[in-house]
1. Collect residues whose amide H, placed 1.01 Å from N in the peptide plane, falls under 5 Å from the amide H of B:Gly74; neighbours closer than 5 in sequence don't count.
2. From the square roots a ≥ b ≥ c of the eigenvalues of the alpha-carbon gyration tensor of the range B:156-233, which class results: rounded (a/c under 1.5), prolate (a/b over b/c), or oblate?
3. What net charge is computed for the residues neighbouring B:Pro255, neighbours being all others with C-beta under 10 Å from the C-beta of B:Pro255, Lys and Arg scored +1, Asp and Glu -1?
4. My understanding is that a pair violates if its Cα-Cα distance is over 30 Å; which of A:Lys75/A:Lys122; B:Lys144/B:Lys225; B:Lys165/B:Lys274; A:Lys108/B:Lys144 do that in this structure?
5. In whole angstrom, how long is each semi-axis of the equivalent ellipsoid of the range B:182-289, when you take the square root of 5 times every eigenvalue of its Cα gyration tensor and sort them from largest down?
6. Provide the packing ranking of A:102-113, B:145-156, i.e. peptides ordered by the mean count of other C-beta atoms within 10 Å per residue, highest first.
7. Amide H neighbours of B:Gly219 under 5 Å, counting only residues 5+ apart in sequence or on other chains, H built in-plane at 1.01 Å?
8. How would you rank A:45-57, A:86-98, highest first, on the average number of other Cβ atoms within 10 Å across their residues?
Amino acid sequence: MQRKSITVFLTFAVSAVLSLQAFADTTPEDAKDYRAAIMTSLRGHIGAASMITRGLVENDGHLVSHAEGLAASAKELDRLFPAGSDVGESESLPLIWEEPEAFAAAIKKLQDATAEFVTAAKGGDAETIGAAFRNVGMSCRGCHDRYRESD
Amino acid sequence: MTATVNQTKLRCVVQAATLVAACSIASPVVSAADDLLERGRYLTYAGGCISCHTEDVEDAAPLAGGRALETPFGTFFSPNITPHRETGIGDWSEDGFLAALWQGISPEGEHYFPAFPYTSYTGVSRADGLAIRAYLLSLDPVSKVNREHDLSWYMSSRLAAGAWKAVNFEPRRFTPEAGRDEQWNRGAYLVRHLGHCGECHTPRGVTGVLDRGAEMAGGELGSEKIPNITPHASDGIGRWSTSDIEYFLDFGMLPGGDFAGSSMAEVIEDNTSKLTREDRLAIAAYLKSLPPLESAYD
């Protein structure tokens, strides 16, 4: 457990340092593509977690990994929307930069929901897991409804 | 946000309904009335009343009307259905309410435009209709005068609504289909009637009448294309599992984990997420039983 925490910490520390360097010459396109990549990872973990939550796939301890993946990506959201990254095929709506506080609050909601989902997944109670997963979904949707271009 | 039931009023409704004299009435009666109101509340959400009859502005009074519905025939504004006696439905009798729901006729005998989906609600059961009425009447009355519709000249008369109705509408309650199980029939009732999914998801002909032969093959709402939700593999939701549909209706997750915004987001928020899991599964079972059709639009 201890070792795992250290590993997680180091991973974050190293990626934080790398990202600082990378951002020095990050173009708006890069920022947008990186954002899309993180969103894809969120979607992948959500999709996988939903299948385990529904009992379509054996858990075998993997629900915790997906929950942690979600929580880790959610933590990155704060830095994924630099001003000016609304370029190309971006689905981000201008409202993101027009109401930064409300947007930050929406991100915080996901971060809290994913943290709770990690706790629930570790706890193993099906009902708690289901409710926590639903909360994650609701916070994804809450943000997308307001800040993402609809189809 | 959500409408709250005034408990005192609730007691009075109980009294009126049961002719019980004292306010401290026997608990079984209260609980029967509570059940009725709780069921009415559930049906008010399931039927989408709450969405269309609440104005689309912050702090809007629930069910006091004023929401704009844009159609090719003009803009309709939903009326106040709180129990206010002058501006709402406070004076409506049971029969008056059911006539509106089932036949699209106001207590004054005027024809409603089918923007009010009585063509779907006509299948709603008497018990459900009256439970909705009981719930609406238990709410606080809101004084808000209805806004006039803003319609094309050829639709600007209620006579047009009457003529349309004479050609295109036949009032009829839902009857369970023999040979189908209870879940399917519940789903059919919710999708076709109470939930009136077809009002958006089924294409319309030039006169605005739903093309029942292309049920759920996709429609248009203003400039928005409404998806085909028949089990067609590429055009519809044929690749969705029952639990995919259930999850989507519960909190909007698409198969694969995405969350796309659309006008359905509000339907999920106000209606389908409020349903029981059994009802969502019934909807899924019904949708999966439909013939797979190609999309009605390009």
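Throughout, read-outs are computed from the coordinates displayed, never taken from laboratory work. Remember, it's a predicted structure, so these values are computed and weren't measured experimentally. Cβ coordinates were reconstructed from backbone atoms using ideal geometry, including for glycine residues, and neighbour counts include every protein chain displayed.
1. Residues meeting the amide H criterion: B:Ser152.
2. It is oblate, given that a/c is not under 1.5 and a/b is not larger than b/c.
3. Neighbour charge sum, excluding B:Pro255 itself: -1.
4. B:Lys144/B:Lys225; B:Lys165/B:Lys274; A:Lys108/B:Lys144
5. 20, 16, 14
6. In decreasing order of mean packing, A:102-113, B:145-156 become A:102-113, B:145-156.
7. Those qualifying (amide H under 5 Å, at least 5 residues apart or on another chain) are B:Ile226.
8. Details: A:45-57: 19.2, A:86-98: 14.5.
Put in order of decreasing packing, that is A:45-57, A:86-98.
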